[in-house]
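The values are calculated or read from the model by the stated rules, or taken from the named source; none is laboratory data. Bear in mind the structure is a predicted one, so any value in this text is a computation, not a measurement. Cβ sites come from the backbone with ideal geometry, for glycine too, and all protein chains shown count toward neighbours. We work out accessible area using only protein heavy atoms, side chains counted, and drop any ligands, DNA or RNA first. Shrake-Rupley method; radii C 1.70, N 1.55, O 1.52, S 1.80 Å.
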Amino acid sequence: MIWRLFRFFGLIVLAVVLVVAGFVATVAWRGATWWAEGVAIAEVHRGYQVSHPGWSFPARVVTEAVPLTVSGKRRVLEAKARGYEEDCKGPGPGPGEYCGKTEVVVPRQGEVLEPIELGWLVGPDGEVREHLPIQEAPKVLLDAIMAAEDREFREHPGVNVRAAGRAVLANAQEGGYAQGASTLSMQVMKNLSQRKDKTLGRKLQEAVMAVAIDQHLGKDGVLQMYLDAPYLGQDGSFSICGFRAASKYYYGKDVGELSLAEAATLAAILPAPGKFAPDRRPDQAKLKRDRVLDTMREFLGYDAAKIAEAKASPVEVSQSPLGASRQVEAYPIWLGMTRSWMEKNVPPQVMYGAGLTVTVSMDVAMQEETERLFKTKVPWLEGIIGRRKDRLQAAGLLLDHADGRILAVWGGDDVTSIGFNRATHARRQAGSSFKPVIYAMAFQQPPGPDGKPAYTAASAIPNSPRTFKTPQGNWSPRNNKGEYSATAAIAYAMAMSQNIATATLMEQLGGPVKLKEFATTLGFDVSRFPDEMGLSLGQGEVTIEEMAMFVGEVGNGGKKLEPTPVLRAVDPNGVERVHPPQAGEQVLREDAAVLTREVMRLVVEHGTGGAARGVGGEVGYNGPFAGKTGTADAEKDLWFIGTTPRYAAAVWMGYDQPASLGWAASDLTAPLWGWWVGRLARLDGALPPFELNLDRRGICRISGKASNGGCPLINAPFYPGTAPKGACNSPHPVRPVEVLEGEEIPTCVQVEGGPPCPAVKKKHESLWKKRARVAEEKKAAVPGAVPGAVPGAPATGSPPATGVDPALEKKMLEGAEAQPGSEN
């Protein structure tokens, strides 16, 4: 019997020796590799270079701070957007207040108006986590964590051998799992490595790696990572992780404001948030919290009276939702644009793992004005043209063409942070607003062998009825109002949106394939452009963002733009992960961009863009600008694009289910663009003029030559030495007489040997002239009506006029009437 016992225990000792030997051998063999792996894992996480469940940091989206040196009107708008209260009484506004009369604004703190937090870009794992620097963590929270999880944290090297021995004895006495021996360092390593297998080898590896990070990071470094890591609760489908987020969620306060009892409660949650969550099971949370407080008194030397006071307090929460509400807190369209842009331009491990603070390019004052204008003007215009079952929609985007930063946007009043944004997502036919791309392509052509430009504003392009032979069959476009000429100077063809001249020009330049190549260099997505001549008239589908980009490139001298809603993104270590935007390479020669801009200015001076100056009793944009209207087939999509010396903007109007609006772009989108950009420009005063190093010359609209004394002229732009020479020798047909329906036709007697009598044509009547005429007719029919009353007064429910005197309004209305009307 003794021999049997001796042999039995001998085998046990041998087994233990073999296990220990194996342990030592394994550590000796793999220890260095595990150690290096542990350090590497810690470094990539400390540098915010990875993202996974348990280490996902949503990006926080904010606006820029605003200095008090901005204009008074802008200061007040910025203060209102931040929820400041108005106070003009007594000594005047205090911190967080403003006075609209004096335009005095007092920041809540510091010398600038603080950034506005727009929301959070939560990752696909749904974790809401905020970085908490250890220097901002209160001592009571750090002590509570150690008391709850690892009271000998400061003494052991990353693995607590004594605690492991105590755990073995405790578990043996209880006959099951009663106590663990996992240290904070081991918990951090387990979370970072994401290894879930429960094998002896994995435990051994975890222990070695825990010692490695404990030595590499130091105790505060391990604590730093622990503060951000653990899961601490649930808000709907969002996981509350890390102590900063948990403090805000459960108590509506930052961690620096936590009481002793609250800090102990958060630490008590750690083993099982579902079991000890204070919002769901306060009784269980209190029992666990009190054990943590007792440990703090017994092992960390906390004052017994303070511990007793903390234990006497009930477990109460004051929850602040961190989940879904964070997704759509303020300016949801900007949150959505930022998410889309970041997903395209930043790796997901950075976007969701780096704890970024993303500063958007939104100009808050401009965005506020944008929302006010579109919310009132679009329904008003819908009331004027007649409501349909489908609501009239509009979208607009304004950017700074120096670097492409988006300043203000309207995608509709139904846009959410994860919904459809018409300004960036919708693709619609651009109509004639795309024609400047063809003219820019012409000006971009290299000079001829003699050094002269291939095309100038005076170049004459065939403009008489013709049929184009295309792979798709014969195509016979027509000019608006049926007006044709043998040729048309480029300046006139652009100003009056001549379809045949534009299509012929594109044919001369190489047709649809060459146009698509050129448009691609400018930044257009041409993947859905048809290889058809109809591209010359805007049959390709584009976004509002792309059109603003293009007209911005025209406005900035031809430098490539990539519109962006993001200014910069910085991680918790202060590393800039997204840099401020800037203009790119020269995609248009400067001379080509300037000539394109200047012939687009003729659209405003002579063509369909004049309504942007103002109609309907309201002033539009009266600074220097170039623009182009666009009316797609059957008036289903209306556009206006334009550039000022600083900003570029595009506006679209139509129905989500395409249908005719019954009016042209000169009637609706040109005025809307002018009202909008005019309001925004007035926030900062007058803009500087365009820089010009060219001349204006009156040329024949048809031949592009100098006038022979009887030519219809247009004032065209030229670089020195490129103006046409020689007088026009082409005969010019008599222009038809235009009359409104019901008007008396002027009499004309043919004189032998004299010019023929002009033809009579129906005159286009703009929306605004028609409203003015109808209003005058109604007033004339009312006894006692005041002669000369302001015509075209806004309809019931429309925004009030802006104080324009009757003479000026009449002039604006006459200007609108001068526009030729719709174009295809």
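Inspect all residues belonging to segment 370-383 and state whether any of them is touching a helix residue (DSSP H, G or I) at 6+ places or on another chain (Cβ under 6 Å) and part of a loop (DSSP other than H, G, I, E, B). No, segment 370-383 contains no residue that is touching a helix residue (DSSP H, G or I) at 6+ places or on another chain (Cβ under 6 Å) and part of a loop (DSSP other than H, G, I, E, B).
Within segment 614-623, can one find any residue that is outside any helix (DSSP H, G or I) and among the aromatic types (F, W, Y)? Looking through segment 614-623, at least one residue is outside any helix (DSSP H, G or I) and among the aromatic types (F, W, Y). Here T669 does not qualify as touching a Gly at 6+ places or on another chain (Cβ under 7 Å), closer than 21 Å to G412 by Cα and crowded, with 24+ Cβ neighbours inside 10 Å. Residue check: Y226 meets all listed conditions (1) more than 23 Å from G158 (Cα to Cα); (2) part of a helix (DSSP H, G or I) but one, namely (1). The condition of being assigned to a strand (DSSP E or B), under 30 Å from T338 (Cβ atoms) and among the hydrophobic types (A, V, I, L, M, F, W, C) does not hold for A593. Does segment 15-29 contain at least one residue that is modelled with pLDDT of 70 or more, under 18 Å from V211 (Cα atoms) and touching a helix residue (DSSP H, G or I) at 6+ places or on another chain (Cβ under 8 Å)? The answer is no; no qualifying residue exists. Scanning segment 105-132 for residues that are surrounded by 17 or more Cβ atoms within 10 Å (Cβ to Cβ) and either without any contact (Cβ under 8 Å) to a residue 24 or more places away in the chain or small (G, A, S) (or both) yields V106, G119, G123, G126. Look at P95 and say whether it is part of a loop (DSSP other than H, G, I, E, B), modelled with pLDDT of 95 or more and either in contact with a Phe, Trp or Tyr (Cβ under 6 Å, 6 or more places away or on another chain) or open to solvent by 80 Å² or more (accessible area, probe 1.4 Å) (or both). So P95 fits the description; yes. Taking segment 350-369 as the range and being part of a strand (DSSP E or B) and surrounded by fewer than 24 Cβ atoms within 10 Å (Cβ to Cβ) as the test, the residues that pass are T357, T359. Name the residues in segment 582-593 that are open to solvent by 10 Å² or more (accessible area, probe 1.4 Å) and at pLDDT 95 or above, would you? Selection gives E585, Q586, V587, R589, E590, D591. Somewhere in segment 637-647, is a residue without any contact (Cβ under 8 Å) to a residue 60 or more places away in the chain and either over 25 Å from the mean Cα position of the chain (by Cα) or open to solvent by 30 Å² or more (accessible area, probe 1.4 Å) (or both)? No: zero hits. Among the conditions (1) at pLDDT below 95; (2) of a type in the set (V, I, T); (3) assigned to a helix (DSSP H, G or I), I307 misses just one, which is (1). Among the residues of segment 332-349, which ones are open to solvent by less than 20 Å² (accessible area, probe 1.4 Å), outside any loop (DSSP other than H, G, I, E, B) and under 20 Å from H52 (Cβ atoms)? Scanning segment 332-349 gives a single hit, M342. For segment 540-577, residues that are of a type in the set (D, E) and over 20 Å from A592 (Cα atoms) total 4.
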